[in-house]
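Each value in this text was obtained by applying a stated rule to the coordinates, not by laboratory testing. This is a predicted model, so every value here is computed, not measured. In this analysis, Cβ positions are derived from the backbone assuming ideal geometry, glycine residues included, and neighbour counts consider all displayed protein chains.
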Amino acid sequence: MNEMANIVDIDEGNAQQLLIDESFNRPVVVDFWAEWCEPCKQLMPMLEKLATEYKGAFLLAKVNADEQQMLAQQLGVKSLPTVMVIKEGQPVDGFSGAQPESAVREVLDKHVPSPLAGALLEAEQLLADGDIPGALALYRAAWEESNHAVDMTLAYAGALVTANRFDDAEQMLKEIRLVDQDARYEQLMAQIQLAREAAKSPEVEALEAALSAQPDDHGTRVKLAIQLSQTAQYRDALEHLLVVLRADKDFGDGEVRKVYLDTLATIGKGDPLAAEYQRKLFSLMY
C-alpha cells in the first residue's frame, strides 16, 4: 500500500482484506491489467491520478491478471483492461477497455462522492445569484485543485460561457484532448459560437463599422470598449482600451484609464484575466 493509503497492489495474501473487507468501508475500484496490455498502460495512470484526487474516498486496487489468474477468473475477467467497482463485497459496476477520463468519472460519480461537489454547488448558486466574480473564483479553484480534470474543465468553461467570457471559455476547452471531447464539449463550443453572434448588438456593429472606417478614432474605440464590457466581453474591451492608452496615456483626461481599472474591478480580483491585464497596464505605465 502506498503512503496515501488509496492505491494498493493485490496478491493472494491481501485480496480478502482489501477487495472484500475494505469494500464495506468505501468503494474499491479494481483495475485488472498486464504488462503486455498497451491500453492498460494508458488507463492506469489516469486511475492513479483520480485515486489521489479523491483523497481516499475510494481504494484503487491494482491486480496483475497474469500473476493473479485465479482471482481474475473468479471475478469473470475476460479482457484487459477491466475495471470493477466493488461495494459491500459485491461488484456493482465497471467497464472493459481503455476509456476517456470523462467516462471513468461518470462511473465513479455513481458510487463515490466527488471531493469537489460542495464547492461546485456553492459556485452554481453564486452564478444563479448573479455573483459572477465569486462564482468564477470558486470554479477556478476547484478546477486547479482537480489538476485540470476533464469534468472540471467543462464545468469551468460552462460557467465562463454563462458569464459571456467566450474567449476564455474557448481557451479552457482547448486543454481537452481529442479523446475526451464528448457531447458536453461539442455543446459548449456550439454555445460559444451562437453566443458570439447574439452578442453583436446593433450598437456594437455600428461602432465596429465606424472604427473600421477610422481606426485612429479613439473616442469611438472607447465607446466600443464600454459596449463590449457591458456584455462581459472583457478581453476585447480591454484590448481596445490598451490601444488608446498606448497612443495617449492621458486620453480623456485619465477617463480611459479609469474605465480600464473599473473593468478590471468588475472582472474580479484574482481572476487570471484581470491579473493578465493588470500586468499589461503596469508595463505600459511604468
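Loop-located chymotrypsin sites (Phe, Trp or Tyr not before Pro) in segment 23-75 (DSSP state not H, G, I, E or B) with no more than 11 neighbouring Cβ atoms inside 10 Å: 36.
Normalised by the number of residues in the chain, the mean separation of alpha-carbon contacts (under 8 Å, six or more apart) gives a relative contact order of 12 percent. Take every pair of alpha-carbon atoms less than 8 Å apart whose residues are at least six positions apart; their mean separation over the length of segment 117-198 yields a relative contact order of 21 percent.
What GluC sites (Glu not before Pro) in segment 1-80 are in a loop by DSSP, with at most 11 other Cβ atoms within 10 Å of the Cβ?
On the way: sites: 3, 12, 22, 35, 48, 53, 67; in loops: 3, 12, 35, 67.
Within segment 1-80, the qualifying GluC sites (Glu not before Pro) (loop, at most 11 other Cβ atoms within 10 Å) are 3, 12, 35.
The equivalent ellipsoid of segment 132-258 has semi-axes of 33, 17, 11 Å, largest first, where each one is the square root of 5 times an eigenvalue of the Cα gyration tensor. Dipole orientation for segment 202-285: of the candidates 272, 230, 240, 272 has the Cα lying most toward the positive pole (charges on Cβ; Lys, Arg +1; Asp, Glu -1). Shape of the chain from the C-alpha gyration tensor: prolate (a/c of 1.5 or more and a/b above b/c, with a ≥ b ≥ c the square roots of its eigenvalues). Compared with the dominant principal axis of the Cα atoms in the chain, helix 234-247 is inclined by about 40°. Tell me, what is the FRET efficiency for residue 48 and residue 276 to the nearest 0.05, using R0 = 41 angstrom and their Cβ-Cβ distance as r? E(calc), rounded to 0.05, equals 0.80. The relative contact order of segment 14-73, computed from alpha carbon pairs under 8 Å that lie at least 6 residues apart in sequence, is 42 percent.
Quick one: order 31, 129 by neighbouring beta-carbon count within 10 Å, fewest to most.
129, 31
Once the Cα atoms of helix 150-162 and of the chain are each reduced to a long axis, what angle between those two axes, in degrees from 0 to 90 to the nearest 10, is obtained? That helix lies at roughly 30 degrees to the long axis.
Charge tally around residue 176: other residues with Cβ under 14 Å, Lys/Arg +1 each, Asp/Glu -1 each, net -3. The trypsin sites (Lys or Arg not before Pro) of segment 24-92 meeting both criteria, a DSSP state outside H, G, I, E and B (loop) and at most 12 other C-beta atoms within 10 angstrom of the site's C-beta, are 55, 78. Full extension of the segment from residue 167 to residue 249, taken as 0.36 nm per residue of separation minus the current Cα-Cα distance, would add 26.9 nm.
Roughly how tilted is helix 38-53, in degrees to the nearest 10 and between 0 and 90, from the longest Cα axis of the chain? Relative to the chain, helix 38-53 is tipped by roughly 70 degrees.
Result for the chain in a Gaussian network model with C-alpha springs under 10 Å: among 94, 56, 13, the largest mean-square fluctuation is at 13.
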